[in-house]
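To keep things clear, I will list the structure first and then write my remarks on it.
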Amino acid sequence: MSWIRERQLSFLERLTANILKAGPMPKHVAFIMDGNRRFAQKAHVERQEGHSQGFEKLAETLRWCLNLGIHEVTVYAFSIENFKRSKEEVDGLMELARQKFSRLLTEQENLEKHGVCIRVLGDLTLLPADLQQLIAKSVVATKAHNKCFLNVCFAYTSRYEIANAVKEMAWGVEQGLIKSSDVSEVLLSECLYSSNSPNPDLLIRTSGEVRLSDFLLWQTSYSCLVFQSVLWPEYSFWNLCEAVLQYQLSYPSLQKARDLHREDQALQQMEADRSCVAELLQHRGNGEPMDAQSRQKELLNYTASREERVHCFLNTLQHKRDTFFSRPGRSEKRLKEL
């Protein structure tokens, strides 16, 4: 009888997925997978078993997402703050990560078949050298895949990410790759760990906690936030459907807010470019007034040169990051100060 029940459930899942897909669907969903430790306590098992079951639930949830046409998922796997937990728990989580990334490396054929690209976002130099190497191998091996994307935030907090993006822009100015006037909200977004991904449409946190815990603070400004009471290892397809339905109900207001924000960003950049051109003309000042057509030409030339500078800077920044993945584990930071 159990196989009949499974087939019925599968049919209901497909039917529900088809109904949901008649409305606007999120393309990118982020998860704060909370509740593993409480689940372990509830189930009277070791804390490590709770984390292990949480990893298994992620694999199942990714399948549900693909069935719903959601091709990008970002998960909060390990916060920098988690280093403050007991040594036993941190060591256990590092070992679990080793096991999961090692398993990924044995499933290359399957990952290639489904076009799964794995990205790991965070300060990976905080991790043990051997884990850095496993992560780097997984990232490099799937880099060319482009059908679906799994972004794993590991040794990550959003404030750390934003501060790092500011440092990257300062480095670009110091190196003469960009000018201080090129720094903008849009450029900062391009310097984040998540720059290769669109912002999440939907963020889900389980376990009943109603906070973001320093996760994707910049990226979720215009996302639908859903907080669910279920513990992560007990998450179900129906919980996911409920979250998607909430996204669909809020979609019109979210889309309007995003459009207005994009328009505001474009206007801010245009005003910044005009201000820079006016300053350049003032310094150049030959005493002769410039007509509107000449001013417009100067503005277009300046905008083109700024875009070229920014493009070259971002390419250099990407190369710097790629270099880490080709030579991981060569430096390991002390964690005592965290």
Options (1) 41, 26, 18; (2) 35, 24, 19; (3) 34, 31, 17 for semi-axes √(5λ) of the Cα gyration tensor in Å; the value derived from the coordinates is listed as (1)
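Given a cut-off of under 8 Å on Cα pairs at least six residues apart, what relative contact order in percent is computed for the chain?
Details: 416 pairs, mean separation 81.1, N = 338.
That works out to 24 percent.
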For labels at S294 and S326 in the simple 7 Å Cα→Cβ model, what's the distance in nm?
4.8
Answer in debye to the nearest 20: the dipole magnitude of the chain about its Cα centre, from +1 Lys/Arg and -1 Asp/Glu charges placed on Cβ, is 660
For the chain, calculated [θ]222 nm from helices alone, where every DSSP H run of n ≥ 4 adds -39500 (n - 2.57)
-19500 deg cm²/dmol
What's the extension gain from L280 to S184 if we count 0.36 nm per residue and subtract their Cα-Cα distance?
32.7 nm
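May I ask you to compute the full-extension gain from A129 to Q269, defined as 0.36 nm times their residue separation minus their alpha-carbon distance, rounded to one decimal in nm?
Working: separation 140, 0.36 × 140 = 50.40 nm, distance 4.17 nm.
That works out to 46.2 nm of additional length.
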For the chain, with the dipole built from +1 on Lys and Arg beta-carbon atoms and -1 on Asp and Glu ones, taken about the Cα centre, which of L217, I19, G50 lies farthest toward the positive end?
G50
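Determine the dipole magnitude for the stretch 207-321: charges of +1 sit on the beta-carbon of Lys and Arg, -1 on that of Asp and Glu, nothing else is charged, the reference point is the Cα centre, and the result goes in debye to the nearest 20.
Details: 12 positive and 15 negative charges, 54 e Å.
Using only the charged Cβ atoms, the result is roughly 260 debye.
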For a paramagnetic label modelled at 7 Å from the Cα of A141 toward its Cβ, which residues of the stretch 88-121 fall within the zone defined by backbone nitrogen distances under 14 Å?
98-119
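Counting alpha carbon pairs within less than 8 Å and at least 6 residues apart, what relative contact order, in whole percent, applies to the stretch 1-92?
On the way: 60 pairs, mean separation 32.9, N = 92.
Across the stretch 1-92, relative contact order equals 36 percent.
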Pairwise label distance in nanometres, S236 with L260, each label 7 Å out on the Cα-Cβ vector
3.8
Once both labels are modelled 7 Å past Cα along the beta-carbon direction, what's the L245-H319 spacing in nm?
5.2
Based on the Cβ-Cβ distance from K167 to Q99, what FRET efficiency comes out when R0 is 35 Å, to the nearest 0.05?
0.60
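Computed from the coordinates by the stated procedures, all read-outs in this text should not be read as laboratory data. For clarity, every value in this text was computed on a predicted model and none was experimentally measured. No Cβ is skipped: glycine too gets one built from the backbone with ideal geometry, and neighbour counts run over all protein chains shown.
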